[in-house]
Amino acid sequence: LRFGGLDFRSWDIHDYLLDWYNELARHGHKAFREPFSNYTPPYLYLLYVMTKTAGFIPRIAAIKLPAIGFDFLNAFLVYRILKIRHPQGVTALIGASSFLLLPTIWMNSAYWGQSDAIFTCFLLGCIFFLMQEQPLIAMIFWGISFSFKAQAAFLSPLILLLIIRKKIPWYYAGIVPVIYGLLI
């Protein structure tokens, strides 16, 4: 399902992502001196790394491969999260497998070339570490997620509730802008 879409040219690929890829391929790290995209730097860093595959991975596939890789990391995290709640049986395996087969998941990365799987991976990592009662690591993951996409804010009500319930020390909230600043 995923590899069938590697050469599909979505509107975003055509109008934005190919231009960003080409800018990074032409100018290397010097491209970061001037704004050339509307995505955050952490995503552009990944795209820059993918320009190094020119010659053996086609451009459109190189743009999509990071998100596809994160689809599989996300499935692993879904498995680990479900395994906490359902340690016996096949529920975790079925959940992770189902995640990988959801059309919205594989179409988003493999066909449309979107990066939602990347920030989602760090949100799932945040949830996993919250369930493991490791709030420091969870907040680091939440900060990384924010550095990729502002939609990480959708986890804010849960984080606020956990701070109110003293499951997360309030001062850990300061980790998020520090991580964001470091990655930006």
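The values are calculated or read from the model by the stated rules, or taken from the named source; none is laboratory data. Bear in mind that the values here come from a model prediction, so they are computed numbers and not experimental data. For neighbour counting, all protein chains shown are included, and Cβ atoms are generated from backbone atoms with ideal geometry for every residue, glycine included. All accessible areas refer to the heavy atoms of the entire protein, side chains included, with ligands and DNA or RNA removed. Shrake-Rupley method; radii C 1.70, N 1.55, O 1.52, S 1.80 Å.
For every residue, the table says whether it meets (1) more than 18 Å from Asn74 (Cβ to Cβ); (2) buried (at least 21 other Cβ atoms within 10 Å of the Cβ); (3) at pLDDT 95 or above; (4) in contact with a Ser or Thr (Cβ under 9 Å, 6 or more places away or on another chain).
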position	(1), (2), (3), (4)
Gly113	no, yes, no, yes
Thr120	no, yes, yes, yes
Ser147	no, yes, yes, yes
Ala153	yes, no, yes, no
Pro157	yes, no, yes, no
Leu160	yes, no, yes, no
Ile163	yes, no, yes, no
Val178	yes, no, yes, no
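If only residues of the range 53-81 that are of a type outside the set (A, V, I, L, M, F, W, C) and in a helix (DSSP H, G or I) are counted, the one that is surrounded by the most Cβ atoms within 10 Å (Cβ to Cβ) is Lys64. Scanning the range 136-145 for residues that are buried (at least 21 other Cβ atoms within 10 Å of the Cβ) and farther than 21 Å from Leu44 by Cα yields Ala138, Met139. Looking only at residues that are in contact (Cβ under 8 Å) with a residue 12 or more places away in the chain and within 30 Å of Leu17 (Cβ to Cβ) in the range 82-100, which one is least open to solvent (accessible area, probe 1.4 Å)? Top of the filtered list is Ala96.
Going residue by residue through the range 36-46, is there one that turns out to be touching a helix residue (DSSP H, G or I) at 6+ places or on another chain (Cβ under 9 Å), open to solvent by 40 Å² or more (accessible area, probe 1.4 Å), free of Cβ contacts under 8 Å to residues at least 40 places away in the same chain and assigned to a helix (DSSP H, G or I)? Within the range 36-46 (the criterion being touching a helix residue (DSSP H, G or I) at 6+ places or on another chain (Cβ under 9 Å), open to solvent by 40 Å² or more (accessible area, probe 1.4 Å), free of Cβ contacts under 8 Å to residues at least 40 places away in the same chain and assigned to a helix (DSSP H, G or I)), the answer is yes, since at least one residue qualifies.
Closer than 20 Å to Leu44 by Cβ and charged (D, E, K, R) - does that describe any residue in the range 147-163? Yes; the residues of the range 147-163 include at least one that is closer than 20 Å to Leu44 by Cβ and charged (D, E, K, R).
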